[in-house]
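Notes to accompany the following structure.
The values are calculated or read from the model by the stated rules, or taken from the named source; none is laboratory data. Quick caveat: nothing in here was measured; it's all calculated off a predicted structure. Cβ sites come from the backbone with ideal geometry, for glycine too, and all protein chains shown count toward neighbours. In case anyone asks, the SASA skips ligands and DNA or RNA and just uses the protein heavy atoms, side chains included. Shrake-Rupley method; radii C 1.70, N 1.55, O 1.52, S 1.80 Å.
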Amino acid sequence: MCGIIGYVGRRSAVPILLEGLRRLEYRGYDSAGVAVLDGSSLSVRKRKGRIDLGLTPALEETPAPGSCGIGHTRWATHGPPSDENSHPHLDPSGRVAVVHNGVIENFDRLRERLTAAGHVFRSATDTEVLAHLIGEQLARPVTKEDGLHPLAAAVGRAVRDVVGTYGLAVVSPEYPGVIVGARRGSPLLIGVGTDEHLVASDAGAVGAHTRDVVYLNDHDLATVTAAGFSVVHLGGGTAASTITRLEVDSVAAERGTYPHFMLKEIFEQPATVRNALRGRVDAAEATARFGGLNLTSGELRSIDRIVIAACGTSWHAGLVGEYLFEELAHLPCEVEYASEFRYRNAPLDKHTLVLVVTQSGETADTLAGLREARRRGHRVLAICNGVGSTIAREADGGIYLHAGPEIGVASTKAFTSQVTALTLLALLMGRLRMLGTSSGARLLQALEAVPAQIQSILDQNERIRQLALKYAGAEDFFFIGRQFNFPVALEGALKLKEISYIHAEGYPAAEMKHGPIAMIDERTPTVVLAPTDALYEKTQSNLQEIRARKGPVIAVTTEGNTRLAGQMDDVLYVPATLDVLYPLLTVIPLQLLAYHIAVARGCDVDKPRNLAKSVTVE
């Protein structure tokens with residue numbers, strides 16, 4: 001993985017490929033490359049490192065003319081970052097160039113077979129095996145295979161030997177003006193233009209050229225030319241090719257006056273929470289309403305258990321959801337790592353609803369969990385930001401976040417949007433059961449006040465920046481909280497370690513004394529989430545235990561709470577709200593703290609090392 005772009009048309013391919021690759025940079029990568037056809041001539045340029053520092057200078061030094069080509073940004077899975085391991089990869093004859101997202105799980109056995117047959121490999125990647133397999137098939141005599149283009153037929157035969165996932169684009173100098181794409185488990189789409197077409201792993205890469213896209217499904221095989229495209233299913237027959245109109249917000253995909261996308265997205269949260277609420281608040285009935293759940297009130301009422309599957313930040317949002325469903329709807333709820341859920345034989349009775357939470361809608365483990373749950377006959381709903389994504393299309397119903405593109409690798413606005421959507425869904429489930437009208441109305445009133453309250457925290461940005469400078473030299477951090485704020489502690493620790501590379505841990509506040517407190521000393525700060533909620537007194541006791549061990553404490557508490565002033569090293573304040581809504585507020589100072597510490601340490605905030613935005617491999 002991580003990003004694919006292809007172009008075939010009348011224009012020069014390289015500028016379009018480079019633009020597309022830059023639009024895919026947010027996904028995280030360690031190298032980039034292109035393969036361009038000029039008639040029957042194939043030019044390949046690929047370099048380790050950033051596009052503008054490696055690939056662009058290489059193309060300036062040795063141009064790659066042509067109007068058909070493919071490009072890739074790689075995030076290493078097999079083999080370290082290097083020029084040799086960068087995509088595209090060629091077969092031994094140079095007749096096939098391949099870019100690939102995903103993982104070929106049986107590549108070692110395939111490589112052994114090919115090596116025994118005389119093949120010589122130039123890289124350590126699994127992708128090069130694909131190029132060799134396709135080259136082998138292309139060398140076979142052309143046969144009539146369901147009317148397929150010869151290059152498409154070769155790709156289709158080659159992937160039958162593959163175990164694993166792939167989204168791939170292939171070109172060959174033997175067939176100028178043709179790109180073949182295939183998909184299994186890793187996203188791929190076709191951008192539809194006039195006398196030109198594009199192939200990409202992400203709609204954002206083609207939005208500057210077309211608003212019309214066709215999303216490929218698993219086992220689809222596409223043949224793309226300037227004049228048109230055809231899609232078949234590898235199981236046989238023509239595949240459905242529905243054209244979807246993109247709603248591309250070009251302004252949302254630009255940094256504007258902000259130095260980083262992450263900071264921009266943190267500051268967008270008053271608007272994105274408002275967007276998550278828009279049209280979903282039913283004040284008259286003191287409940288929430290959704291247009292895409294595809295479940296009747298009776299079906300929702302029959303649910304007696306919820307299982308949430310997610311990864312990373314979305315998993316933390318799911319943990320908040322667990323508390324919400326239990327508190328508001330008295331529904332048993334469990335939160336699973338999607339990567340574990342997909343392989344467990346967890347007992348799920350017929351009245352269990354599976355809820356998958358994802359920003360991109362393409363996370364491989366979450367998608368696999370969705371498919372496993374559906375295979376077992378369960379209804380699956382998705383909370384998702386990626387319109388048109390695989391998870392959005394395969395779920396039985398769901399809730400779009402409408403947060404706009406999130407470019408920063410470290411998720412911020414998606415978290416608060418997910419928690420907002422989960423709050424509304426828990427409210428709906430509660431109102432269908434035992435939650436009274438007054439309680440529902442009180443929650444909605446408090447929820448609608450949240451965007452302005454978030455803005456008031458953002459107004460403390462300079463204060464938080466100064467605090468970050470004070471603690472930027474720390475090498476270890478703890479984050480603690482209770483109940484609704486425990487998942488926020490986990491999220492605060494994740495944000496800090498993701499972008500600043502400081503070791504950070506999150507714990508329930510009471511768990512510190514059961515081992516982790518042994519790590520506390522005067523060089524190890526602890527962020528304590530201590531709003532004046534139902535468990536404030538308990539949290540304050542845990543806070544004092546850390547102070548007694550000379551640990552520096554940054555307390556996040558409610559405005560007007562003067563009891564901590566003078567006792568703590570530093571205090572940050574958030575507005576008062578209902579206990580169930582504090583996660584939407586307490587997470588904001590933690591996002592800003594992580595951001596400013598990372599900047600102070602000179603880290604690449606938007607593209608942290610080793611991370612990818614959309615994780616489409618296991």
| task | Could you pull the Cα extents of segment 316-449 along its three principal axes, largest to smallest, in whole Å? | result | 41, 38, 21
| request: Sort 570-578, 125-133 for me by packing, meaning the mean count of neighbouring Cβ atoms within 10 Å per residue, highest on top. | output: 125-133, 570-578
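What part of the accessible area of the chain, given as a whole %, is carbon or sulfur when the probe is 1.4 angstrom?
Working: 11390 of 22790 Å².
Answer for the chain: carbon and sulfur cover 50 percent of the accessible area.
Using unit Cβ charges (K, R positive; D, E negative) and no other charged atoms, how large, in debye to the nearest 20, is the dipole of segment 490-598 about its Cα centre?
On the way: 9 positive and 13 negative charges, 45 e Å.
Dipole size: approximately 220 debye.
With an 8 Å Cα cut-off and a minimum separation of 6 or more residues, compute the relative contact order for the chain in percent.
12
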| remark: Computed curve, segment 470-601, Cα-only Debye sum without solvent term, log₁₀ I(q)/I(0) at 0.16, 0.19 Å⁻¹, is -0.71, -1.03
| note | Note: residue 115 to residue 522 extended length (0.36 nm per residue) minus current alpha-carbon separation gives 140.8 nm
| With axes computed from alpha carbons, what is the tilt in degrees of helix 13-23 against the longest principal axis of the chain, rounded to the nearest 10 within 0 to 90? | 20
| remark: Binned at 5 Å starting from 0, the alpha-carbon pair-distance distribution of segment 61-207 in whole percents comes out as 2, 9, 19, 24, 22, 15, 7, 3, 0, 0
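Under the rule a/c < 1.5 gives rounded, and otherwise a/b versus b/c splits prolate from oblate, where does segment 286-368 land using the Cα gyration tensor? Could the numbers behind the result be given before it?
On the way: a/c = 1.58, a/b = 1.41, b/c = 1.12.
It is prolate, given that a/c is not under 1.5 and a/b is the larger ratio.
With a 1.4 Å probe and all protein chains left in place, how much accessible area per residue does the chain have, in Å²? Numbers along the way, then the final one.
On the way: 22790 Å² over 618 residues.
On a per-residue basis, the chain sits at 37 Å².
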| Quick one: helix 150-159 against the long Cα principal axis of the chain, what's the angle to the nearest 10°, folded into 0 to 90? | 50
| Paramagnetic reach from residue 465 in segment 573-593 [backbone N under 16 Å; point 7 Å along Cα→Cβ] | 589, 591-593
| field | Linear extension gain, residue 476 paired with residue 257, 0.36 nm per residue minus alpha-carbon span | value | 75.6 nm
| request: With an 8 Å cut-off on Cα pairs and a minimum separation of 6 or more residues, tell me the relative contact order of segment 165-224 in percent. | output: 36
| request: Treat each spin label as a single point 7 Å out from the Cα along the C-beta direction, and report the residue 442 to residue 305 distance in nm. | output: 3.2
| message | If I fit a long axis through the Cα atoms of helix 536-548 and take the longest principal axis of the Cα atoms of the chain, what angle between them do I get, 0 to 90°, rounded to 10? | response | 80
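Given contacts defined as C-alpha pairs under 8 Å and at least six residues apart, what's the relative contact order of segment 70-214, whole-number percent?
22
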| remark: Check: in the chain the Lys pairs 8 or more apart or on separate chains whose Cα atoms fall under 21 Å apart number 22
| note | Of the candidate values (1) 167; (2) 156; (3) 232, the one computed for volume of the Cα convex hull per residue in Å³ from this structure is (2)
